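The block underneath contains the structure these notes are about, expressed in structure tokens.
The values are calculated or read from the model by the stated rules, or taken from the named source; none is laboratory data. No experiment lies behind these values; they were computed from the predicted model shown. Counting neighbours? That spans all protein chains shown, and the Cβs are built from the backbone with ideal geometry, glycine included.
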Amino acid sequence: AAGEVGATVVGAVADTAVDGLSTITPGGKYIKAGYKVTKGIAGTMADKGVSKASLYEGSIKGGADAIADAEYFGNNPLKKAVLTVAGEAVGSAVGESNRPNGDWIKAGKEGAIDGAFKAIVGAATDKVAGDTNIVLPKGATNILPTMKNVLVNKSSASKIGGALTDEFIVKPKIVNPIKKSVVGK
């Protein structure tokens, strides 16, 4: 359990660092998009095993996450929310439809519930953080002070806090009981 908690914290900090560094690195937005897709695939494979089904599911969920970045939707929270719910629902259904005896309808419902709460936490985090993109000065070359600026500011703290709140409070205390009552398990 301690290793899982540590990995979650490291993941939240890494997500925030990638957000910040994407603003100062040439081609950073493409690196960030690739990171999100890779994270979707790796996370699904870690949860559900290495398989074609996990590759499909993780690619769809990670791709939706990459596209939902504010840059693509002009900070429109409704568009981000719709894409987040759709990405989670479709990704879960496609993944499950490629697993032996998979119940893709049940998986799609669970994905929609996960996506709805992910969208709510994301919108709340964006609202608290203010600007959804961490902006660093152009030409920042001294990496340690730059990383400090990425990780130690209101926007970053809000994003890290939102990710940890989602993982340790929202999912186990709210999302999982709702999924159980709606879908059954």
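Take the conditions surrounded by 16 or more Cβ atoms within 10 Å (Cβ to Cβ) and part of a helix (DSSP H, G or I) and apply them to GLU110. Does it pass? Spelling it out, GLU110 is indeed surrounded by 16 or more Cβ atoms within 10 Å (Cβ to Cβ) and part of a helix (DSSP H, G or I).
Exactly one residue among LYS29, LYS36, LYS79 is touching a residue at least 40 places away in the same chain (Cβ under 8 Å) and either more than 28 Å from GLY102 (Cβ to Cβ) or under 12 Å from the mean Cα position of the chain (by Cα) (or both), and that residue is LYS29. Within segment 173-185, residues that are assigned to a helix (DSSP H, G or I) have Cβ atoms under 9 Å from residues that are at pLDDT below 85 and surrounded by 11 or more Cβ atoms within 10 Å (Cβ to Cβ) in these pairs: VAL175/ASP166, counting only partners at least 6 apart in sequence or on another chain. Restricting ALA68, ALA112 to residues that are closer than 27 Å to LYS159 by Cα and within 14 Å of the chain's Cα centre (by Cα) narrows the list to ALA68. For segment 1-34, the set of residues classified as in contact with an Asp or Glu (Cβ under 8 Å, 6 or more places away or on another chain) and of a type in the set (Ser, Thr, Tyr) consists of THR8 only. As for segment 164-175, it holds at least one residue that is among the polar types (S, T, N, Q) and modelled with pLDDT under 95.
Taking the condition surrounded by fewer than 16 Cβ atoms within 10 Å (Cβ to Cβ) and either within 17 Å of the chain's Cα centre (by Cα) or of a type in the set (A, V, I, L, M) (or both), does VAL9 pass? Spelling it out, VAL9 is indeed surrounded by fewer than 16 Cβ atoms within 10 Å (Cβ to Cβ) and either within 17 Å of the chain's Cα centre (by Cα) or of a type in the set (A, V, I, L, M) (or both). Each residue in segment 39-65 was checked for being surrounded by 18 or more Cβ atoms within 10 Å (Cβ to Cβ), more than 17 Å from SER97 (Cβ to Cβ) and more than 12 Å from the chain's Cα centre (by Cα), and 0 of them qualify.
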